[in-house]
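Input: a single structure, listed below in structure tokens.
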Amino acid sequence: MYLNKILTFVFVLSIGITYAQDSLIAKNKTEKLSESELVAGEKYVLDTIIDGKKLYKLPIEPIPEISDLMTLVDHEQAVQFDEKWLEELYSNTLYDTIYKTVSELDYKEIDYPELSTDTLKARLKRLDAKTPFNVAYNPSLESVIKNFLKNRRSYFDRIMGLSHYYFPMFEREFDAKDIPLEMKYLAIVESALKPRARSRVGATGLWQFMFATGKQYGLDVSSYVDERSDPIKSTTTAAVYLSKLYEIFGDWDLALAAYNSGPGNVSKAIRRSGGYENYWNIRHNLPRETAGYVPAFLATMYIFEYAEEHGFKPEKPMFHFIETDTIRVKQLITLDQVSEATEVPIEELQFLNPSYKLDIIPYIEGKNYYLRLPRASVGKFVNNETAIYASAKAEIDEKEKPLPQFFESQSKISYRVRSGDNLGFIARKYKVRVSDLKKWNGLRSNNIRIGQRLTIYPRNPVTNSSSTTSKPLSTTTTSSGGKVYTVRRGDSLWSISQKFPGVSVQNIRDWNDISGNNLKPGMKLKISKG
């Protein structure tokens, strides 16, 4: 009996010592150590830098005992994040939107001798000093930056051109909501600055909102209008949403991660990482596309901030934001009608007014819909708006009546889409409206593909068989191998550039030493460098 008591005492004592050792280890794992205190063979993580001195600690690897399962508790801060988020009643379907290139980043070492690691570290340090984002050097970020610099130069030249139009409106909205102005680069990662961009799961616009999310945050989505594609209204909504994410997580890097993958996934990553709340420490526990999302954002920020040093040559934008203005519409009107009245090409109106899905601006009592125009055309519209609206109404009323001759079968043609075609060009060719082409062919967007057949009811039906095919482009080849295009009636610099892959409006201006947009039928334009 006495021996049993001794054995029991020894057993209990050994358990106590074991738990004491575990507590000691746990305590040591939270201690911050200088480089001189590190033990060889142990794995450490950088914890912080104080007065230039690096401090390390052992990684946290929580392993709960089976006997403790009844008393396990959740991570307190992560629980609070979840509770705050549930209060927002927000759909978690918003975030599967990141580009394929981001989700497939492999972070391999890139040979790019034009940018040394030391130079990159110094530049990132300067960026880190002026932004609330954690722009710290690490090999993964270096890989992404060099990958973009080496393989996506033309992409960034084009995006930088578009940014001259979009960034001023982004900065205005973000400044009003106390959002870091660098957040404007997020729209590049999300949508490549395409206001009608649509992901495989239906997220739409510059900021990639899902249908339910857009409706919940006050964006109008109807058969005529999709305000997720409205640059200003969607940016205002993104600012409100990002502000809420920062309020929840208290960290802009985590807010970015939550924007992409959802707040729930960020909370899970915090738990799985043992309580870390730094993006780079929880990154390995985030979904794959989110793991590449923040590096892609930071790489984009770096390239824009150091574009001059890397020799980027942004394309000249079609418009600067300050060169445009809006008019509140007073009755239903189509962009085709506006184009005819103001002589602004339909493609430019579609660029300036991307939220109107069918190129129709509706008029609904109690709602305000706006038409954005180049400033030079605003006065022409306002000064003649009574006549413009009267003409538009008469035309729309006429279309409401039966037009049997117009829809006679013999007037219908089948048009085969050719390289360089777009709906605006085809509509002008047959003197019809883009909205009509969409209606006749059940098109929900302006996208058409080479070889596609379009049904057209031309206003002046042509019965010969040659009418069913597109005329060849009016181009000739010079002795030096360059191409020359002959301007047709209805052409614009924009529509011409769309006919020749890889040719921009600015290219045409540069090659022909012109600065404006005025073209005359018969004019000869170089459309290649030769």
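The values are calculated or read from the model by the stated rules, or taken from the named source; none is laboratory data. Bear in mind the structure is a predicted one, so any value in this text is a computation, not a measurement. A quick note on method: Cβ atoms are made from the backbone with ideal geometry, for glycine too, and the neighbour counts reach across all protein chains shown. Each accessible area value is taken on the protein alone, full model and side chains, heavy atoms only, with ligands, DNA and RNA left out. Shrake-Rupley method; radii C 1.70, N 1.55, O 1.52, S 1.80 Å.
Positive end of the charge dipole of segment 264-352 (Lys, Arg +1 and Asp, Glu -1 on Cβ, about the Cα centre): tell me which of 341, 324, 299 has its Cα farthest that way. Selected residue: 299. For residue 343, neighbours were defined as the other residues whose beta-carbon sits under 14 Å from its Cβ, and their charges (Lys and Arg +1, Asp and Glu -1) total -1.
Amide H to amide H distances under 5 Å link residue 324 with 375, where only residues 5 or more positions off or on other chains count and H is placed in the peptide plane. The residues packed around residue 120, meaning those with a beta-carbon under 10 Å from its beta-carbon, carry a net charge of +2 if Lys and Arg are +1 and Asp and Glu are -1.
Rounded to whole Å, the principal axis extents of the Cα atoms in segment 282-438 read 65, 40, 35, largest first.
Would you mind classifying segment 244-293 by shape? Square roots of the alpha carbon gyration tensor eigenvalues, ordered a ≥ b ≥ c; an a/c under 1.5 is rounded, otherwise it is prolate if a/b is larger than b/c and oblate if not.
Here segment 244-293 falls in the oblate category.
Backbone phi angles across segment 236-242, fed through the Karplus curve with coefficients 6.51, -1.76 and 1.60 (θ = phi - 60°), yield HN-Hα couplings of 4, 5, 4, 5, 4, 5, 5 Hz in residue order; Gly and Pro are listed as x. In the structure shown, do any of 194/438; 43/125; 429/483; 184/316; 316/439; 233/380 have a Cα-Cα gap over 31 Å, and if so which? Pairs exceeding the cut-off: 316/439.
Counting only the Cα atoms, segment 108-212 fills a convex hull of 141 Å³ per residue.
Sorting 140-146, 317-323 by their mean Cβ neighbour count within 10 Å, with the most densely packed peptide first, gives 140-146, 317-323.
In this structure the amide hydrogen of residue 225, modeled in the peptide plane, comes within under 5 Å of the amide hydrogens of 357, none closer than 5 places in sequence on its chain.
Residues whose amide H comes within less than 5 Å of that of residue 56, counting only those at least five positions distant or on another chain, are 33, 34, 47 (H built at 1.01 Å from N in the peptide plane). Relative protection proxy for 32-40, 252-260, 503-511, from highest mean packing down: 252-260, 503-511, 32-40 (other beta-carbon atoms within 10 angstrom). Solvent-accessible area per residue in segment 278-324 equals 42 Å², computed with a 1.4 angstrom probe and all protein chains kept.
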